[in-house]
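Coordinate-derived values only; no laboratory data. Only a predicted model underlies this, so the values are computations on that prediction, with no experimental measurement involved. Note: ideal-geometry Cβ built from the backbone for every residue, glycine included; neighbour counts use all protein chains shown.
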Amino acid sequence: MELDPWANDRIKDYARLRDQFGLGTLTPDAGGLPEGALFRRSIVFAHRGWDLFGRALADGKPTALMTGLMPSGKMHLGHKMLLDQVIVYQRLGTDVFIAVADLEAAATRNVPLDECREFAVEEYLRHYIALGLEPCQFYFQSERLQVQRLAHQLSHRVNWSKLEALYGFNGSTSLAHANAPLLQAGDILHPQLEEFGGPRPTLVPVGVDQDPHLRLTRDLAAAVRKVRCRQAKDGRVGAFATAGDGTGKLLKDAGKLCRKLGFKKQELNVDYGALYLDDAGAADVEHIDAALAHVDASHGGFGFMAPSSTYHRLMLGLTGGKMASSEPDTAIFLADSPSEAQRKVERAQTTGGATREEHLKTGGRPLECPVFELYAYHVMDDDAKLKEIHDGCADGSWFCGECKALAGDLLGEFLEGHQSRLAEADTKAFAV
């Protein structure tokens, strides 16, 4: 399997994908995981480095969240699923950063920058506000010099082979497109720059197709550190520093911090750039490494903690593939009228039997049905009622026509309320 952040391919086997790319399973009882249907129903199903962020969130420590939008298509329910998560974390006290990927849109979709700005505000920000987003760091890649400068600094740690392996780039890939992942890395890491709050656990909630960006960024966060905690080949855990002037002082400061954390059995070897922590184990590495980020920053390093990420399932399009802004019949747009949304639902592809008799005999496959996803992801908060719909579909007692009618009605009610709030949305507080 391959993941392409710019493609619209449907993903059919999430378990296989999770295992192939080494993602962790995110269960509803994970420490620090917020409440909400997307989490308790395992629609947000996988992660990289959740424990670091989840522990900080549960302990009330400073955290940041980074996400972005591509200003090249109208906002639909798939995009709303991400915003629902962002708003939950914002209400728990997480600082939110939202990038408008206008440079990426210009490079990969040929959208002029001035059009990107207007589109982002009118087609996204207003909907975000109507959904409940409060003022936050909402910015444009083309205008945030810190992101561009950081992308340039990070580029020194990436070669073409790495980009080929992660993204499938080849000789026909434009340099502007090739630079887009580095800009995303700059977006993801810049909330940890001192002027934006300093080193802290940062979460990036994304659709699973965006994982290549997170793998690249986590590697880069580690590559630019001056001191890191890791497990050596011989199994010993330690703080390891890059060789150079000041290595001894850096490791001594690291030792002081580690003693405060309770790791007192230390062996310092400045020549090897190592501070061995003989009372630390593999399970302590992430915790120690995050703490050492502050020592790194105090010695002139970036001090980046590896960003955490969570992955949600991608909504099925109403025609059976992936929901995409470029294909209107696949998506419910937040600007659709209730009647237009109901029309789309009525025409949606479902998994029930072709005839009444066949459906009664074989039932449907609700977990492969885009109409059932409307319930599970957006319009049915009642778990007991959702189970009733699921079981009725599976055993053939709940027919597709009834299911579509109810989903269309609930969706129409949501859109009517949302659009009344949309008319009052004021973007001025976001300083765009």
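At a glance:
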quantity: Cα centroid separation, segment 214-261 to segment 122-184 (Å); calculated: 27
quantity: Point-to-point label distance, Ala15-His152, nm (Cα→Cβ direction, 7 Å offset); calculated: 4.9
quantity: Alpha-carbon centroids, segment 82-113 and segment 293-337: separation in whole Å; calculated: 8
quantity: Cα pair count fraction exceeding 19 Å, expressed as % - segment 380-432; calculated: 49
quantity: Segment 227-298 - Rg (one decimal) and Dmax (whole number), Cα, Å; calculated: 10.6, 31
quantity: With Cα atoms, 0 to 90° folded angle of helix 145-155 axis to the chain main axis; calculated: 70
quantity: Cut-off 14 Å, label 7 Å out along Cα→Cβ of Ala223, residues of segment 175-190 by amide N; calculated: 179-186
quantity: Descending semi-axes in whole angstrom, ellipsoid equivalent of segment 162-319, from the Cα gyration tensor; calculated: 33, 17, 15
quantity: Nearest-ten-degree value, helix 400-422 long axis tilted from longest Cα axis of the chain; calculated: 60
quantity: Computed label-point distance, nm, for sites Leu422 and Ala282 using a 7 Å Cα→Cβ extension; calculated: 5.0
quantity: Computed Kirkwood radius, in angstrom, where 1/r is averaged over Cα pairs of segment 1-132; calculated: 16.6
quantity: Cα-based reach from Lys80 at 17 Å (exclusive), listing lysines while leaving out same-chain residues under 8 positions away; calculated: Lys322
quantity: Space enclosed by the convex hull of the alpha-carbon atoms of segment 336-428, per residue, Å³; calculated: 96
quantity: For the chain, the fraction of alpha-carbon pairs in successive 10 Å shells from zero, as %; calculated: 4, 19, 29, 24, 14, 7, 2, 0
quantity: DSSP bridge orientation in the chain - percent antiparallel, rounded to nearest 5; calculated: 55
quantity: Relative contact order for the chain, counting Cα pairs under 8 Å that sit 6 or more residues apart, in percent; calculated: 19
quantity: Chain lengthening between Lys61 and Asn159 when straightened (0.36 nm per residue, less Cα-Cα); calculated: 31.7 nm
quantity: Helix-only mean residue ellipticity at 222 nm for the chain, each DSSP H run of n ≥ 4 adding -39500 (n - 2.57), per residue, nearest 500; calculated: -13000 deg cm²/dmol
quantity: Theoretical FRET efficiency, 1/(1+(r/R0)^6), r = Cβ-Cβ of Ala384 and Asp245, R0 51 Å, to 0.05; calculated: 0.20
quantity: Pairwise Cα inverse-distance average, inverted: Kirkwood Rh of segment 273-429 (Å); calculated: 19.4
quantity: Degrees between helix 211-223 axis and first principal axis of the chain (Cα, 0 to 90, nearest 10); calculated: 10
quantity: Proximal lysine pairs, segment 353-432, alpha carbons under 30 Å, eight or more residues apart or interchain; calculated: 5
